[in-house]
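Before any comments, here is the structure.
The values are calculated or read from the model by the stated rules, or taken from the named source; none is laboratory data. This one's a predicted model, so the numbers in the text were calculated from it and none came from an experiment. Here Cβ is always computed from backbone atoms with ideal geometry, including for glycine, and neighbour counts include all displayed protein chains. Ligands, DNA and RNA are excluded from the accessible area calculation, which covers all protein heavy atoms including side chains. Shrake-Rupley method; radii C 1.70, N 1.55, O 1.52, S 1.80 Å.
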Amino acid sequence: MIIIEVRFGAINGNAITIDDALSPISTNPVQNKIIAAALDAIEQQIESVAANVPKEVVSVEDYDALFDIEDPSTEVVYITEDTGELYTYNGEEFVLSTNRKIDNTIYVDDIGALIDMSLPAGVYPVACVTPLTTESYTLNVSSALRGRIRLLTGRMGYAVTLNGRWSWTKYSFEGHTHSVEQITGLADAIAAATTTKQDKTDNTLQTSDKTIVGAINSLLAQMQNIIHAFTIDFQDAREIVQMRNLKGAIKLTKIVTDNVSSLKVSINGTLQTITLTNGAWTGEISVPDNALLVWQIGRTTAGSIADINVQYIYNS
């Protein structure tokens with residue numbers, strides 16, 4: 001047997017240097033195993049990130065509705081609206097997954113379940129799933145006392161286990177305060193806003209009630225009890241007069257007529273016949289603001305002047 005040994009030396013008189021580590025500045029070739037190890041580390045990081053991302057949550061009506069899903073996904077957590085139970089699909093069947101770790105994420109329907117859950121020391125993403133919301137937390141399980149010391153962190157604050165329950169500390173935005181002087185320009189803004197404001201209570205008001213709301217209500221009550229009146233003159237020939245109410249919502253309470261035997265009024269197209277007794281009427285007719293009124297009379301004596309005199313109050 002003939003063995004031929006080939007050895008490569010310098011190329012063009014230059015020795016070849018092979019690096020044993022990755023470098024951002026070196027122009028030398030790198031050992032194959034170094035590159036392979038780096039790629040393997042990147043792949044593991046990608047898998048770790050993917051495992052820590054909570055799965056999509058899909059709500060279904062009840063357990064039986066799971067079997068109506070045409071193409072169930074192994075990347076979805078299903079929650080039943082009637083019981084709040086969580087299920088995952090393993091490729092063959094639906095598995096009850098409430099208060100269980102799936103991949104590296106723990107899915108619960110109540111964060112209280114995390115206190116006594118058997119877990120090795122480590123850090124776990126947590127998804128608390130209800131039919132309406134999914135809240136994300138991070139659970140840190142300490143190796144001390146067989147994992148009984150636990151820290152739960154969420155968007156509103158953090159909690160530690162204390163006497164079998166979570167003891168919460170909220171983040172500062174719920175309890176942190178500043179004085180007016182510490183906020184630039186706030187004192188001036190408050191002064192500008194309050195210099196010309198009307199106080200809730202004002203002793204200069206010419207009403208018995210010195211509060212703004214009480215004074216307004218008192219004036220409204222007085223207005224509602226004040227009797228107002230107007231007259232419509234039909235002269236000696238007119239039988240129809242049209243007018244529009246611009247006084248707000250009012251209530252007609254009394255009508256006194258001269259030389260009128262019959263009287264009708266149309267309010268926004270709704271015709272009413274007013275029954276007169278000895279040329280007068282007393283009652284209540286509501287008239288909305290901006291309503292169109294059309295008055296129509298019949299005369300007792302033809303060719304003579306006729307008029308109606310209408311009393312009203314503001315409608316409450």
**Request:** Return yes when residue 13 is over 18 Å from residue 129 (Cβ atoms), open to solvent by less than 80 Å² (accessible area, probe 1.4 Å) and at pLDDT 80 or above and no when it is not.
**Result:** no
**Prompt:** How many of the residues in the range 60-74 are β-branched (Val, Ile, Thr) and part of a loop (DSSP other than H, G, I, E, B)?
**Reply:** 2
**Request:** Give the range 100-115 a look and list any residue that's open to solvent by 30 Å² or more (accessible area, probe 1.4 Å) and either more than 20 Å from residue 158 (Cα to Cα) or in a loop (DSSP other than H, G, I, E, B) (or both), or say none.
**Result:** 100, 101, 103, 104, 109, 110
**Message:** Can you find a residue that is at pLDDT below 75 and among the aromatic types (Phe, Trp, Tyr) anywhere in the range 172-184?
**Reply:** yes
**Request:** Scan (1) hydrophobic (A, V, I, L, M, F, W, C); (2) at pLDDT 95 or above; (3) more than 23 Å from residue 306 (Cα to Cα) for the single condition residue 219 breaks and write down its number.
**Result:** (2)
**Prompt:** Under 9 Å by Cβ, and 6 or more places apart or on different chains, what pairs join a residue from the range 205-228 that is small (Gly, Ala, Ser) with one that is surrounded by 13 or more Cβ atoms within 10 Å (Cβ to Cβ) and modelled with pLDDT under 80?
**Reply:** 208/214; 208/215; 208/218; 214/205; 214/207; 215/205; 215/207; 218/207
**Message:** Within the range 239-267, take every residue that is assigned to a loop (DSSP other than H, G, I, E, B) and over 19 Å from residue 313 (Cα atoms) and give me the one that is least open to solvent (accessible area, probe 1.4 Å).
**Reply:** 259
**Message:** Quick check on this structure: which one of 136, 143, 118, 97 is of a type in the set (Gly, Ala, Ser), open to solvent by 40 Å² or more (accessible area, probe 1.4 Å) and under 26 Å from residue 73 (Cα atoms)?
**Reply:** 136
